[in-house]
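Okay, so here's the structure we're looking at.
The values are calculated or read from the model by the stated rules, or taken from the named source; none is laboratory data. Everything quoted here is computed from the prediction, not taken from an experiment. Heads up, the Cβs are rebuilt from the backbone with ideal geometry, glycines too, and the neighbour counts pull from every protein chain shown.
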Amino acid sequence: MYMQNFAELDQRIAATMARWGVPAIRFSFAVIFIWFGILKPLGYSEAAPLVLATVDWMPLLEATQWLAVIGWWEVAIGVFFLFRSTLRIAIALLLLQMVGTFMPLVILPSVTFQDGLIPFAPTMEGQYIIKNLMIISAALVVGGTVRRSER
């Protein structure tokens with residue numbers, strides 16, 4: 001009896017997680033990308049020094065202008081995650097953004113790794129970047145749902 005009740009409870013929990021998992025990821029992406037993105041052009045991002053050091057070599061715009069472009073790009077990612085019809089755009093923009101996010105690991109190893117211990121001892125900045133592997137993984141999960149019919 002106990003095992004049957006546990007199995008039923010487990011099944012209900014798993015079904016609830018399956019139903020709400022992807023919407024929760026999409027909402028989380030929206031909050032994080034809009035919130036952190038808007039901080040960049042407004043001049044309140046703690047990540048700004050790292051971003052500025054990373055884009056300093058890029059042509060066409062000054063580093064501070066690139067910072068604003070990246071910030072608005074992130075806001076767009078967040079907004080596109082809010083709507084099922086724009087998920088493909090959100091994921092494409094996110095994957096392009098992730099390329100840039102990982103650049104400091106190569107361009108600024110003295111900032112992203114402790115004492116030259118590449119890749120074993122990331123600094124706080126390095127850890128901040130490496131955790132984006134989880135964002136990519138979550139984007140893959142969401143991307144796997146774009147062909148499903150509306151629920």
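Structure values in brief
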read-out: Tally of residues being of a type in the set (Ser, Thr, Tyr), in contact with a helix residue (DSSP H, G or I) (Cβ under 6 Å, 6 or more places away or on another chain) and part of a helix (DSSP H, G or I) across segment 95-132; value: 2
read-out: Answer from ALA68, ALA92 - the residue that is under 17 Å from ALA30 (Cβ atoms) and in a helix (DSSP H, G or I); value: ALA92
read-out: Filter pass, GLU62 being farther than 30 Å from PHE120 by Cα and among the charged types (D, E, K, R); value: yes
read-out: Hits in segment 71-83 (condition: surrounded by fewer than 15 Cβ atoms within 10 Å (Cβ to Cβ) and assigned to a helix (DSSP H, G or I)); value: TRP72
read-out: Segment 101-151, residues that are over 15 Å from the mean Cα position of the chain (by Cα) and of a type in the set (Ser, Thr, Tyr); value: SER110, THR112, THR123, THR145, SER149
read-out: Some residue of segment 60-69 being among the hydroxyl-bearing types (Ser, Thr, Tyr), in contact (Cβ under 8 Å) with a residue 12 or more places away in the chain and farther than 19 Å from ALA138 by Cβ; value: yes
read-out: Some residue of segment 6-15 being part of a helix (DSSP H, G or I) and under 20 Å from LEU96 (Cβ atoms); value: no
read-out: Only listed residue being within 23 Å of ALA90 (Cβ to Cβ) and modelled with pLDDT of 95 or more, chosen from ALA30, ALA18, ALA48; value: ALA30
read-out: Those residues of segment 41-54 which are under 13 Å from ILE70 (Cα atoms), in a helix (DSSP H, G or I) and in contact (Cβ under 8 Å) with a residue 40 or more places away in the chain, in sequence order; value: LEU50, THR54
read-out: Pair list, Cβ under 7 Å, 6 or more apart: segment 1-29 residue at negative phi and in contact (Cβ under 8 Å) with a residue 60 or more places away in the chain, other residue surrounded by 10 or more Cβ atoms within 10 Å (Cβ to Cβ) and among the aliphatic types (A, V, I, L, M); value: VAL22/VAL141; VAL22/VAL142; ILE25/ALA138; ILE25/VAL141; ILE25/VAL142; ARG26/VAL142
read-out: Flag for THR64 being surrounded by 12 or more Cβ atoms within 10 Å (Cβ to Cβ), of a type in the set (Ser, Thr, Tyr) and more than 20 Å from LEU93 (Cβ to Cβ); value: yes
read-out: Count of residues meeting criterion [surrounded by 15 or more Cβ atoms within 10 Å (Cβ to Cβ) and touching a residue at least 40 places away in the same chain (Cβ under 8 Å)] in segment 85-94; value: 4
read-out: Which numbered condition MET58 misses (of (1) modelled with pLDDT of 95 or more; (2) over 30 Å from ARG147 (Cβ atoms)); value: (1)
